[in-house]
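This report refers to the structure that appears directly beneath it.
The values are calculated or read from the model by the stated rules, or taken from the named source; none is laboratory data. Because the structure is a prediction, the values reported are computed rather than measured. So basically every Cβ, Gly included, is an ideal-geometry build from the backbone, and we count neighbours across all protein chains shown.
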Amino acid sequence: MVFLCATLLVISCSKDGSNGKDGTNGTNGKTALTKTTKEPAGANCKYGGTKFETGIDANNNGILDSDEVTTTQTKYVCDGAGAIYSSWIDVNVSDTLTKLNEEKNFYFKQLLPATALTADIVNKGIVLMYYKNINGVIYPVDRDPANTIRDTDSTGNDFVFGPGFVFKEKYLSFLVSGWNMMDKINGNGSAVRYVLIPGMVQGRSIADVKKMPYSKMAKLYNIED
């Protein structure tokens, strides 16, 4: 009798407890959206152009409503007198974006709005990019990272980096080469601008335009800062 009771006691002590309640489901994430609209001639674009608005789809209706637009991130791609140009876009490169093969010589990348970059411009025209540093000095950006630019970070320390860019139809990226450059270049007040010149536009040869200082090129195509 004693042996049987001891056995029953062991069995009753090893019984599993009841399952706990399931936790509540987390909320779904929100989607970032971009909206493009035609910008009439006016203060934002002298000759008209395209406005790019971005924001979070707070009500999940798949549409970027006016009250969802992050106005500080609104950008313009303007039509010039024979050229198309972007507004000055704050530099905000990343080390997490997937790179094309042509971009792998660079550490950091920033995608720029490029719906105006048509196949005709890619094949017959000119794509130019410029970098404006913390002091407002404007440099042409070459496609070779060996051509470096000097700038100053937000704490006042100088740095040198290799810029570049890659483009194809509807695609344009600003690229940065240099160790630990992302923290130095992001948020220091620098910006980039691109200029698209269709192949049939009268003016100068591709070689002549690429050699021009920014001020002369901007005057030739009525590009406003």
Exercise. How many of the residues in region 66-115 are small (Gly, Ala, Ser) and surrounded by fewer than 17 Cβ atoms within 10 Å (Cβ to Cβ)?
Worked result: 4
Exercise. Which one of these does GLY199 not meet: (1) part of a strand (DSSP E or B); (2) touching a helix residue (DSSP H, G or I) at 6+ places or on another chain (Cβ under 8 Å)?
Worked result: (1)
Exercise. Restricted to region 48-58, and to residues that are surrounded by fewer than 18 Cβ atoms within 10 Å (Cβ to Cβ) and of a type outside the set (Gly, Ala, Ser), which residue is nearest to THR72 (Cα to Cα)?
Worked result: ILE56
Exercise. If you check every pair at least six apart or on different chains, which have Cβ atoms under 9 Å apart with a residue in region 51-80 that is without any contact (Cβ under 8 Å) to a residue 12 or more places away in the chain and assigned by TED's automatic domain parsing to the domain that holds THR34 first and a residue that is among the acidic types (Asp, Glu) and not in a strand (DSSP E or B) second?
Worked result: ASN59/ASP65; ASN59/GLU68; ASP65/ASP57
For this session: Using the structure shown, decide if THR115 is of a type in the set (Val, Ile, Thr), at pLDDT below 95 and out of contact with any Pro (no Cβ under 9 Å at 6 or more places or on another chain).
Result: yes
Problem set entry | Which listed residue is within 13 Å of the chain's Cα centre (by Cα) and either of a type in the set (Gly, Ala, Ser) or not in a helix (DSSP H, G or I) (or both), from ASN180, ASN92, ASN105 | ASN92
Exercise. Got a sec? Which of GLY42, GLY82, GLY62 is under 24 Å from ILE126 (Cβ atoms) and in a loop (DSSP other than H, G, I, E, B)?
Worked result: GLY82
Exercise. Has region 156-174 got at least one residue that is among the polar types (S, T, N, Q), in a loop (DSSP other than H, G, I, E, B) and farther than 21 Å from SER215 by Cβ?
Worked result: yes
